[in-house]
C-alpha cells in the first residue's frame with residue numbers, strides 16, 4: 001500500500017464506522033447508553049451516528065445502567081441487536097446483575113432457545129490519573145464468568161473487524177476498548193493504535209489471537225495497551241540481540257490457547273503483560289494454559305508484568321509505578337536470564 | 001370491562017390447573033426428603049417456591065395477553081407460566097431436571113424460558129423489569145404489536161433496578177405494565193417493615209403514569225384493571241403500574257416453617273382461598289353450572305397428571321450436556 005492509499009483511523013472512528021455500516025444494512029441494530037447521542041460518546045466511538053440515524057436508534061439513556069443493560073437483554077431476545085455502552089468498566093458495580101446474571105446466562109437457562117445478540121461496549125484502562133474508580137481494566141472479572149464473549153482490540157483495524165463481528169454474533173459480546181488507545185488526544189493516545197482501516201466492512205474472528213511480531217527467544221503475550229508495551233520492549237530487546245515474539249490475544253473469551261501454546265513451544269519462554277490486577281486473573285490463566293498443557297516446552301519459569309493487587313492510585317508517580325511498561329517487560333526478561 | 005363467560009371459564013381453568021400443579025409438585029418435592037429434610041434429595045431437588053393463593057393475579061392479567069406478548073416473572077413463576085401458556089409438559093420436566101425440560105435441565109424452576117409464548121423468569125428480585133422494558137422497546141422500535149408485562153413481588157419495588165426500569169419505560173413511553181403481586185411478605189419481612197407507603201401504586205406518580213391498587217385477591221377486579229392498563233399500552237399510551245393484593249398460602253419456599261407469620265393469619269387466608277371463592281361466584285352469577293365446573297376441574301387435574309407423568313418418565317438430563325449451549329448455536 002502506498003502512503004496515499006493509507007486510511008489511518010483511530011479506534012474510536014473505527015468503532016463508529018463499523019457501527020454505522022452495520023446499522024445501514026441491519027435495521028435491528030441500535031445503540032444506547034449514556035452520552036452516546038449528540039456528544040458522540042465520551043470516547044468518540046459513537047460520533048456522527050445520531051446525525052445519520054436519529055435519536056430513535058441512537059438513544060441517550062438515563063443514568064440507569066441496570067435498566068438499560070437489562071433492557072438490551074430483553075430487546076436482544078426479542079429480535080433486536082442492541083449495542084450498549086457502559087461508560088467506564090469500573091461502573092459495572094451498579095449493574096453487574098444485568099450483565100452476568102442476565103445477559104450472560106439467558107442463552108444457557110433457555111437451553112439455547114433464546115439468543116442474546118448484544119454488544120456491551122466499555123472503556124478500560126488508566127495511566128492518566130483518573131483514580132481508582134475510573135482506571136481499571138477488569139479483564140479477568142469479565143472473562144472469568146461464563147456466557148460472555150470478551151474482546152479487547154489493540155488497534156483500529158482489529159477494532160473495526162471485532163465491532164462488526166460482535167454485532168453479528170448471536171451471543172453477548174463484551175467489547176473492552178482501552179481509553180489510552182482511543183485516539184482521544186486528551187487521554188494521551190498511543191500512536192501505534194491508529195492504523196490503516198479499509199473502508200469496506202469486514203469481520204475479525206472472535207477467539208483468534210494474532211502473532212503481531214515474530215521472534216524465537218521469548219513470547220510476550222498481552223492484549224490492548226499491553227501489546228504496545230510489548231512491541232516497544234521487543235524493540236529494546238532486539239537491540240540487545242534478543243528476538244521477542246509478541247502475541248496479541250485480541251479476544252479473551254474464547255481464549256486462543258492454541259496460538260499461545262504454539263508460540264511458547266517455539267520460544268520456550270513466556271512473559272505475560274496484563275494491565276489488570278495480578279492475582280486470580282488473565283496473566284495466571286495464560287500461564288496455566290501453557291503449563292498444564294505441556295510444561296516441558298518451558299526453558300524458564302514464566303513471568304508476569306501486571307498491575308499489583310492494590311486499588312489504582314491517583315498520584316501520577318504512584319500510578320505509573322504500578323502500571324506495566326516496556327522497561328518492566330525488559331526487566332522481566334533480564335530476571336528470567338538471571339534465574 | 002368485565003370478563004366474558006368464556007374468559008371467566010378460562011380464568012377458573014388456569015387457576016385450578018395452577019393449584020393442582022403446585023399440589024402435585026409439593027407432594028413429589030417431599031419424596032426422598034424425609035425423615036431428614038435435605039433440599040438436594042428427591043426427584044425435585046433445590047429450592048421450591050409455590051404460588052398457591054396467588055393465581056388470581058396471573059389469570060386476571062394473562063387473560064388479556066396473547067402468545068406474542070412478553071411476560072417476565074419471578075422466582076415464584078408457575079402460576080404465571082401456566083396462565084401465559086407455557087408448555088406444561090416441558091415445564092414439569094424442567095422442574096424435575098429432565099432432558100425434555102424447557103432448557104434440558106440447565107435452568108430449573110426459577111429459570112423457565114418458553115420462547116414460543118415469550119415467557120421468562122428469574123431468581124433475582126426485580127431482575128425481570130429491564131428485559132420486559134427492553135422487549136417493549138423492541139416492539140415499539142420495530143412497529144410490531146405486543147406489550148410486555150413484568151410481574152414482581154411487593155418486595156421488588158425497593159430494588160434500585162425497579163425504579164430505573166419504571167423510569168425508563170415512562171420516559172420512553174413504552175407498552176409496558178408492571179404488575180406487583182403483593183402477598184404481604186418478602187420471605188419473612190412484612191411489607192410494612194420494608195416499605196414506607198401502604199400502596200405501591202402511589203409510586204406511579206413518581207413516573208407520571210397511571211397506578212392502581214386492587215384489593216381482595218379478586219380475579220374479576222384484577223381482570224378489569226389489567227384490561228385497562230394493557231389496552232392503554234396497546235394503544236401506544238405508555239406504561240402503567242398495578243399492585244394486586246394477593247395471598248401467599250404456601251411458605252416462601254418448601255420447608256419454610258413460617259414462624260414469622262402472626263398467629264391465625266394463615267388460617268384466615270385459607271378461608272379466603274380464591275379458588276373456592278371463584279367457584280361460588282361463577283355459580284351465583286349463573287356464569288357456569290356445577291357440571292361445567294366439575295368438568296373444568298377434572299380436565300385440569302388430568303392435564304397436570306399428564307405433565308407430571310411426562311416429567312417422571314422422561315430421561316434424566318445427560319451430565320455432559322451441562323457443557324453445552326453456553327453460547328448461541
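Limited to segment B:42-81, what total is found for residues that are more than 18 Å from residue B:256 (Cα to Cα) and more than 8 Å from the chain's Cα centre (by Cα)?
Residues meeting the conditions: 16.
Quick one: is residue B:290 free of Cβ contacts under 8 Å to residues at least 60 places away in the same chain and closer than 30 Å to residue A:166 by Cα? Let's see the steps before the verdict.
Details: free of Cβ contacts under 8 Å to residues at least 60 places away in the same chain: yes; closer than 30 Å to residue A:166 by Cα: no.
When the stated conditions are applied, residue B:290 does not pass them.
For segment B:150-162, which residues satisfy the criterion of being within 12 Å of chain A (Cβ to nearest Cβ) and in contact with a strand residue (DSSP E or B) (Cβ under 9 Å, 6 or more places away or on another chain)? If you could, list the steps in order and put the result at the bottom.
Keep residues of segment B:150-162 that are within 12 Å of chain A (Cβ to nearest Cβ), which gives B:150, B:159-162.
Result: B:150, B:159, B:162.
Name the residue that is surrounded by the fewest Cβ atoms within 10 Å (Cβ to Cβ), counting only residues in segment A:119-146 that are within 14 Å of chain B (Cβ to nearest Cβ) and in a loop (DSSP other than H, G, I, E, B).
Within segment A:119-146, the first condition is being within 14 Å of chain B (Cβ to nearest Cβ), and the residues that meet it are A:119-120, A:143-146.
Adding the requirement that they be in a loop (DSSP other than H, G, I, E, B) leaves A:145-146.
Values: A:145: 17, A:146: 12.
Filtering first and then ranking leaves A:146.
For segment B:199-217, name all the residues that are exposed (fewer than 13 other Cβ atoms within 10 Å of the Cβ) and under 22 Å from the mean Cα position of the chain (by Cα). Can you show your working first?
Taking segment B:199-217 and keeping what is exposed (fewer than 13 other Cβ atoms within 10 Å of the Cβ), we get B:205, B:208, B:215.
B:215 - this is the single residue of segment B:199-217 that is exposed (fewer than 13 other Cβ atoms within 10 Å of the Cβ) and under 22 Å from the mean Cα position of the chain (by Cα).
Criterion first (crowded, with 18+ Cβ neighbours inside 10 Å, farther than 20 Å from residue B:57 by Cβ, away from every other protein chain (no Cβ under 14 Å) and over 18 Å from the mean Cα position of the chain (by Cα)) does residue B:288 satisfy it? Working first, answer last.
On the way: crowded, with 18+ Cβ neighbours inside 10 Å: yes; farther than 20 Å from residue B:57 by Cβ: yes; away from every other protein chain (no Cβ under 14 Å): yes; over 18 Å from the mean Cα position of the chain (by Cα): yes.
Considered against the rule, which asks whether it is crowded, with 18+ Cβ neighbours inside 10 Å, farther than 20 Å from residue B:57 by Cβ, away from every other protein chain (no Cβ under 14 Å) and over 18 Å from the mean Cα position of the chain (by Cα), residue B:288 comes out as yes.
Residue by residue through segment B:241-285, note down the ones that are over 16 Å from the mean Cα position of the chain (by Cα), assigned to a loop (DSSP other than H, G, I, E, B) and surrounded by 13 or more Cβ atoms within 10 Å (Cβ to Cβ).
B:254, B:255, B:256, B:258, B:260, B:261, B:272, B:273
Condition first: touching a strand residue (DSSP E or B) at 6+ places or on another chain (Cβ under 8 Å) and under 30 Å from residue B:100 (Cα atoms). Can you find one or more residues in segment B:249-263 that meet it?
yes
Looking at residue A:192, is it assigned to a helix (DSSP H, G or I) and closer than 18 Å to residue A:124 by Cα? Give the steps one after another, and end with the answer.
Numbers: assigned to a helix (DSSP H, G or I): yes; closer than 18 Å to residue A:124 by Cα: yes.
Yes; evaluated as a whole, the condition is true for this residue.
Criterion first (within 11 Å of chain B (Cβ to nearest Cβ) and over 29 Å from residue B:144 (Cα atoms)) does residue A:149 satisfy it? Can you show your working first?
Details: within 11 Å of chain B (Cβ to nearest Cβ): yes; over 29 Å from residue B:144 (Cα atoms): yes.
Judged against the criteria, residue A:149 is a match.
Could you grab me the full set of residues in segment B:163-173 that are more than 9 Å from chain A (Cβ to nearest Cβ) and touching a strand residue (DSSP E or B) at 6+ places or on another chain (Cβ under 9 Å)? Break it down into steps so the answer makes sense when it comes.
Initial filter on segment B:163-173 (more than 9 Å from chain A (Cβ to nearest Cβ)): B:170, B:173.
Selection gives B:170 alone.
Take the residues in segment A:85-102 that are more than 8 Å from chain B (Cβ to nearest Cβ) and free of Cβ contacts under 8 Å to residues at least 24 places away in the same chain; name whichever of them is surrounded by the fewest Cβ atoms within 10 Å (Cβ to Cβ).
Taking the candidates together, the pick is A:93.
Sort out which residues of segment B:79-102 are part of a helix (DSSP H, G or I), touching a residue at least 60 places away in the same chain (Cβ under 8 Å) and either more than 12 Å from chain A (Cβ to nearest Cβ) or surrounded by fewer than 23 Cβ atoms within 10 Å (Cβ to Cβ) (or both), and write them in order of number.
Passing the criteria: B:79, B:80, B:82, B:83, B:88, B:89, B:91, B:92, B:95, B:96.
Scan segment A:290-302 and give yes if some residue there is touching a helix residue (DSSP H, G or I) at 6+ places or on another chain (Cβ under 7 Å), under 18 Å from residue A:178 (Cβ atoms), modelled with pLDDT of 95 or more and not in a helix (DSSP H, G or I), otherwise no.
The answer is no, given that none of the residues of segment A:290-302 is touching a helix residue (DSSP H, G or I) at 6+ places or on another chain (Cβ under 7 Å), under 18 Å from residue A:178 (Cβ atoms), modelled with pLDDT of 95 or more and not in a helix (DSSP H, G or I).
Can you name the condition, by its number, that residue B:216 falls short on among (1) part of a helix (DSSP H, G or I); (2) closer than 24 Å to residue B:64 by Cα; (3) in contact (Cβ under 8 Å) with a residue 12 or more places away in the chain?
For residue B:216, the exception is condition (1).
Within segment A:53-64, take every residue that is part of a helix (DSSP H, G or I) and more than 8 Å from chain B (Cβ to nearest Cβ) and give me the one that is nearest to residue B:128 (Cα to Cα). Don't jump to the end; show me each part of the working.
Taking segment A:53-64 first, the residues part of a helix (DSSP H, G or I) are A:53-57.
Restricting the remaining residues to those that are more than 8 Å from chain B (Cβ to nearest Cβ) gives A:53-55.
On the way: A:53: 29, A:54: 28, A:55: 26 Å.
Applying the filter and picking the extreme gives A:55.
Would you point out which residue out of A:72, A:20 is within 10 Å of another protein chain (Cβ to nearest Cβ), touching a residue at least 24 places away in the same chain (Cβ under 8 Å) and more than 20 Å from the chain's Cα centre (by Cα)? Working first, answer last.
Working: A:20 fails: within 10 Å of another protein chain (Cβ to nearest Cβ).
Result: A:72 is the single residue among A:72, A:20 that is within 10 Å of another protein chain (Cβ to nearest Cβ), touching a residue at least 24 places away in the same chain (Cβ under 8 Å) and more than 20 Å from the chain's Cα centre (by Cα).
Could you list all residues from segment B:103-145 that are closer than 19 Å to residue A:100 by Cα, within 8 Å of chain A (Cβ to nearest Cβ) and part of a loop (DSSP other than H, G, I, E, B)?
Listed by number, the residues that qualify are B:103, B:106, B:107, B:111, B:122, B:124, B:127.
Kindly list, by first and then second residue, each pair from a residue in segment B:250-275 that is touching a residue at least 40 places away in the same chain (Cβ under 8 Å) to a residue that is outside any loop (DSSP other than H, G, I, E, B), limited to pairs with Cβ atoms under 6 Å and residues at least 6 apart or on different chains.
B:254/B:29; B:274/B:56; B:275/B:15; B:275/B:19
Might you check whether a residue that is surrounded by fewer than 23 Cβ atoms within 10 Å (Cβ to Cβ), more than 17 Å from residue B:137 (Cα to Cα) and at pLDDT below 95 occurs anywhere in segment A:6-20?
Yes, segment A:6-20 contains a residue that is surrounded by fewer than 23 Cβ atoms within 10 Å (Cβ to Cβ), more than 17 Å from residue B:137 (Cα to Cα) and at pLDDT below 95.
Conditions (1) part of a helix (DSSP H, G or I); (2) in contact with a strand residue (DSSP E or B) (Cβ under 9 Å, 6 or more places away or on another chain), marked per residue:
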{"residue": "B:24", "(1), (2)": "yes, no"}
{"residue": "B:40", "(1), (2)": "no, no"}
{"residue": "B:44", "(1), (2)": "no, no"}
{"residue": "B:61", "(1), (2)": "yes, yes"}
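Go through (1) touching a residue at least 40 places away in the same chain (Cβ under 8 Å); (2) more than 11 Å from chain A (Cβ to nearest Cβ); (3) touching a helix residue (DSSP H, G or I) at 6+ places or on another chain (Cβ under 7 Å) and name the single condition residue B:76 misses.
Status for residue B:76: all satisfied but (3).
Are any of the residues in segment A:293-304 more than 14 Å from residue A:218 (Cα to Cα) and either crowded, with 17+ Cβ neighbours inside 10 Å or under 23 Å from the mean Cα position of the chain (by Cα) (or both)? Steps first, answer last, please.
Taking segment A:293-304 as the starting set, the residues that turn out to be more than 14 Å from residue A:218 (Cα to Cα) are A:293-296.
Subsequent filtering for residues that are either crowded, with 17+ Cβ neighbours inside 10 Å or under 23 Å from the mean Cα position of the chain (by Cα) (or both) retains none.
No, every residue in segment A:293-304 fails to be more than 14 Å from residue A:218 (Cα to Cα) and either crowded, with 17+ Cβ neighbours inside 10 Å or under 23 Å from the mean Cα position of the chain (by Cα) (or both).
Which members of segment A:103-115 meet the condition of being in a loop (DSSP other than H, G, I, E, B), at the interface with chain B (Cβ under 7 Å from one of its Cβ atoms) and either closer than 15 Å to residue B:72 by Cβ or touching a helix residue (DSSP H, G or I) at 6+ places or on another chain (Cβ under 8 Å) (or both)?
Result: A:110, A:113, A:114, A:115.
The values are calculated or read from the model by the stated rules, or taken from the named source; none is laboratory data. Since the model is a prediction, treat every value here as computed from it, not as a measurement. As a convention, Cβ positions derive from the backbone with ideal geometry for all residues, glycine included, and neighbour counts pool all protein chains shown.
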